[in-house]
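Comments concern the structure below.
The values are calculated or read from the model by the stated rules, or taken from the named source; none is laboratory data. Here the structure is a predicted model, which is why all the values come from computation and not from measurement. Counting neighbours? That spans all protein chains shown, and the Cβs are built from the backbone with ideal geometry, glycine included. Heads up: the accessible areas ignore ligands, DNA and RNA and are worked out on the full protein's heavy atoms, side chains in. Shrake-Rupley method; radii C 1.70, N 1.55, O 1.52, S 1.80 Å.
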Amino acid sequence: ETGVTQTPRHLVMGMTNKKSLKCEQHLGHNAMYWYKQSAKKPLELMFVYNFKEQTENNSVPSRFSPECPNSSHLFLHLHTLQPEDSALYLCASSQGASGEGDTQYFGPGTRLTVL
Amino acid sequence: GESVGLHLPTLSVQEGDNSIINCAYSNSASDYFIWYKQESGKGPQFIIDIRSNMDKRQGQRVTVLLNKTVKHLSLQIAATQPGDSAVYFCAENKHDYKLSFGAGTTVTVRA
């Protein structure tokens, strides 16, 4: 266990559905991240929150909407997704702040399938 | 452009042998490097890291080597075990909290 949990672990949704992914970290970290992992491709950074403030939106479509109510919780709200959005969505956390040499610890991911 | 890449997408190793996984990076400003291991159905797991002021760092059965001259990073696993079968990623950090990941090398351990 890395101290980062994600729910649900698997999610199947239609293109008209609205769902949310949840991430929680128990490491006392201040930065949290969403990544997308597709087959045969490097991890793609989607969003970064540092001390609850969004500091990075890596040109992610608006059908993905992040929310960070506090330093321990991170959500990814999904609506009107496309089949190409099917992937493993990973949450990570790190100490944050200075960022230098900031090791990120990952959750187990949510396997999302969009029909 | 900036990239982090691994030399080989797959590596097959006999159990008990040593494994070497290579990674090339192109950004000379990178000052922190991490190796992650990802098993099937799990998220990436931190293995070992190294800062640019070091050439070598050892952990339990793993060693990371950094050659800044040729921008090369390697992970050595001693006495490879079946539990070492996984995808291995290198990642680089450039003075901020963002990591750039390579595509990964799939290591398969033969009994």
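General remarks:
- The residue that is most open to solvent (accessible area, probe 1.4 Å), counting only those in the range B:51-61 that are outside any strand (DSSP E or B) and more than 17 Å from B:D84 (Cα to Cα), is B:N53.
- Of all residues in the range B:12-50, those satisfying the criterion of being away from every other protein chain (no Cβ under 12 Å) and assigned to a strand (DSSP E or B) are B:S12, B:V13, B:Q14, B:S19, B:I20, B:I21, B:N22, B:A24, B:Y25.
- Some residue of the range A:46-56 being among the polar types (S, T, N, Q) and surrounded by fewer than 17 Cβ atoms within 10 Å (Cβ to Cβ): yes
- Filtered by the rule that a residue be open to solvent by 30 Å² or more (accessible area, probe 1.4 Å), farther than 17 Å from A:A87 by Cβ and assigned to a loop (DSSP other than H, G, I, E, B), the range A:1-45 gives A:E1, A:T2, A:T16, A:H26, A:L27, A:G28, A:N30.
- Answer residue from the range A:69-85, given it is assigned to a loop (DSSP other than H, G, I, E, B) and open to solvent by less than 40 Å² (accessible area, probe 1.4 Å) and is modelled with the lowest pLDDT among those: A:S71
- Residue selected from the range B:89-104 under the condition modelled with pLDDT of 85 or more and more than 7 Å from chain A (Cβ to nearest Cβ), by the criterion farthest from the chain's Cα centre (by Cα): B:S100
- So B:V64, is it touching a helix residue (DSSP H, G or I) at 6+ places or on another chain (Cβ under 9 Å) and crowded, with 19+ Cβ neighbours inside 10 Å: no
- In the range A:53-67, the count of residues that are under 10 Å from the mean Cα position of the chain (by Cα) and within 11 Å of chain B (Cβ to nearest Cβ) is zero.
- Of all residues in the range B:67-106, those that are surrounded by 21 or more Cβ atoms within 10 Å (Cβ to Cβ), within 29 Å of A:M46 (Cα to Cα) and aliphatic (A, V, I, L, M) total 5.
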